[in-house]
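Quick notes on the structure that follows.
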Amino acid sequence: MMQLSRLPNGLRVASRQMPGVETVTVGLFADVGSRHEAARENGLAHLFEHMVFKGAGGRSARQIAEAVEDVGGDLNAMTSRDATVFTARLIAGDLPLGLGIIADLVQRPHFDGAELAREKKVVLQELGEARDTPGDIVFDHLQQAAFPGQPLGASILGDERTVGGLGVGDLNAWRESHYHADNLVLIAAGKVDHDTLFSLGAAAFGGLPQGAVPVAAPARFGACDVVDARSSEQVHIAIGYPAPAVRAPDYFAARLFAEAIGGGMSSRLFQELREERGLAYSVYASLQAFDDAGLMSVYLATEPGDAPAALALVGEVLADAAASLTDAELERARALVKAGLLMSLESTEGQAAYLARQLWVHGRLVAPADVVAQINAVRLADVYAVAARILAERPARAFVGSGAEALAA
């Protein structure tokens with residue numbers, strides 16, 4: 001059973017009780033991410049997420065880790081372009097401990113200057129690792145190509161200049177501006193009683209002030225090329241098309257189109273580029289939907305000599321699918337999307353993430369059966385219509401590796 005309540009200060013508390021499990025995932029979900037940063041702050045949301053673990057609520061970084069791991073739990077966090085998430089997975093009886101530590105992280109971080117200097121080095125190591133992984137950095141480049149000069153197109157990690165310029169005052173200002181009751185959701189899934197969660201939440205977060213929900217700058221799709229030429233065995237290619245935003249009526253039609261063309265081994269891109277032509281080992285399509293924009297992307301990695309043929313074939317496959325996708329392909333894509341949703345809900349982490357997503361998208365809890373009904377309602381004509389709109393514009397493109405310059409010419 002899914003339940004939703006509000007504390008007197010407006011903070012939402014949601015839970016999903018899962019019979020038959022002995023664990024619980026508790027999380028605090030903040031509706032703020034890297035796209036809410038000013039240009040000079042790029043990387044601040046992610047750095048904030050790192051820094052709260054360096055000490056909070058009277059515990060050192062080591063003591064935070066030991067407190068959770070002494071009871072066999074796991075503490076984690078994640079920053080995206082839209083959100084920041086802090087979660088703990090524990091044996092159900094340790095819910096008060098996990099919730100209390102998360103409350104300390106976001107309300108009572110220590111933010112020591114020496115720790116900040118060390119953690120900046122860690123973040124730049126993370127950035128360097130991403131840059132050294134072509135299959136990762138190509139998507140950062142694609143985001144930049146699709147949303148040029150905008151916060152939505154900037155890296156979540158920031159860069160040496162912006163991260164280097166951030167100080168303790170920036171961290172405190174970020175917390176005060178964004179971590180307030182109206183912008184947070186406390187969620188637990190697993191072996192959890194909603195009334196108990198509500199009481200714990202009231203004790204831990206009842207003193208948070210209210211505040212305005214941050215509004216990001218509107219996204220505008222661009223059609224740029226970003227080239228990262230380097231010596232490599234393969235060239236990595238990411239192509240992005242404008243797609244529906246997360247609340248758009250044709251969102252699920254776009255999801256099914258992306259699944260049909262590149263969501264599995266039976267998809268057209270996989271069959272044509274890998275199975276029939278041997279042009280790529282990795283090739284797939286995906287859809288990322290934001291509050292006010294969407295991006296359908298195609299990724300492949302191929303030998304530099306095969307890259308021009310592979311890039312041309314991707315365009316042919318997409319154009320052909322937009323005009324000739326079959327009922328059988330649509331039904332296969334529908335089955336994959338529904339199965340992916342339902343399988344994710346078999347874990348406490350998946351259930352917690354699902355609750356947070358529904359509150360972000362709809363402002364209320366939507367039963368999985370209702371989401372499945374929306375997926376089932378999509379007809380082949382809907383997919384044709386959204387595919388035509390997606391492919392009507394020139395795409396954004398990113399290339400990483402040997403021969404990248406020639407592909408962008």
Next item on the list: For the range 346-364, name all the residues that are of a type in the set (A, V, I, L, M) and buried (at least 18 other Cβ atoms within 10 Å of the Cβ).
Entry: ALA352, ALA353, LEU355, ALA356, LEU359
Check: Restricting to the range 175-197, what's the tally of residues that are in contact with a Phe, Trp or Tyr (Cβ under 9 Å, 6 or more places away or on another chain) and closer than 16 Å to GLU22 by Cα?
Finding: 1
Next item on the list: Check LEU391, LEU407, LEU355 and return the single one that is of a type outside the set (Gly, Ala, Ser) and under 21 Å from the mean Cα position of the chain (by Cα).
Entry: LEU355
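So which helices (runs of 4 or more DSSP H) stay within the range 63-166 end to end and still have 2 or more residues that are under 16 Å from the mean Cα position of the chain (by Cα)?
Output list reads 134-146.
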Next item on the list: Filter the range 239-267 down to residues that are touching a residue at least 24 places away in the same chain (Cβ under 8 Å) and farther than 13 Å from ALA321 by Cα, then give me how many there are.
Entry: 18
Note to self: When you check LEU256 against the structure, is it in contact with a Ser or Thr (Cβ under 9 Å, 6 or more places away or on another chain) and either crowded, with 16+ Cβ neighbours inside 10 Å or of a type outside the set (Val, Ile, Thr) (or both), yes or no?
What the structure shows: no
Margin query: Given the options ARG274, ARG268, name the one that is in contact with a strand residue (DSSP E or B) (Cβ under 8 Å, 6 or more places away or on another chain), modelled with pLDDT of 95 or more, surrounded by fewer than 24 Cβ atoms within 10 Å (Cβ to Cβ) and not aromatic (Phe, Trp, Tyr).
Written below: ARG274
Item checked: Residue in the range 102-114 that is in contact with a Leu (Cβ under 8 Å, 6 or more places away or on another chain), aromatic (Phe, Trp, Tyr), surrounded by fewer than 21 Cβ atoms within 10 Å (Cβ to Cβ) and over 30 Å from VAL192 (Cβ atoms) present -> yes
Next item on the list: Name the residue, out of ARG35, ARG16, that is outside the structural domain of ARG364 (by TED's automatic domain parsing), basic (Lys, Arg) and assigned to a helix (DSSP H, G or I).
Entry: ARG35
Margin query: Name the single residue that is surrounded by the fewest Cβ atoms within 10 Å (Cβ to Cβ) among those in the range 115-145 being without any contact (Cβ under 8 Å) to a residue 24 or more places away in the chain and of a type in the set (S, T, N, Q).
Written below: GLN125
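Within the range 354-409, can you find the residues that are in a helix (DSSP H, G or I), of a type in the set (Gly, Ala, Ser) and in contact (Cβ under 8 Å) with a residue 60 or more places away in the chain? Spell out how you get there, then give the answer.
Here is the first cut: in the range 354-409, the ones in a helix (DSSP H, G or I) are 354-362, 368-376, 380-391, 404-408.
Then keep just the ones that are of a type in the set (Gly, Ala, Ser); that gives 356, 369, 373, 381, 385, 387-388, 404, 406, 408.
Answer for the range 354-409, where residues must be in a helix (DSSP H, G or I), of a type in the set (Gly, Ala, Ser) and in contact (Cβ under 8 Å) with a residue 60 or more places away in the chain: ALA356, ALA385, ALA387, ALA388, ALA404, ALA406, ALA408.
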Check: If we keep just the residues of the range 173-228 that are closer than 26 Å to HIS141 by Cα, of a type in the set (Gly, Ala, Ser) and touching a helix residue (DSSP H, G or I) at 6+ places or on another chain (Cβ under 7 Å), which is surrounded by the most Cβ atoms within 10 Å (Cβ to Cβ)?
Finding: ALA219
Margin query: Which condition from (1) more than 30 Å from TYR284 (Cα to Cα); (2) touching a residue at least 24 places away in the same chain (Cβ under 8 Å) is the one that ASP195 breaks?
Written below: (2)
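The values are calculated or read from the model by the stated rules, or taken from the named source; none is laboratory data. Quick caveat: nothing in here was measured; it's all calculated off a predicted structure. Cβ sites come from the backbone with ideal geometry, for glycine too, and all protein chains shown count toward neighbours.
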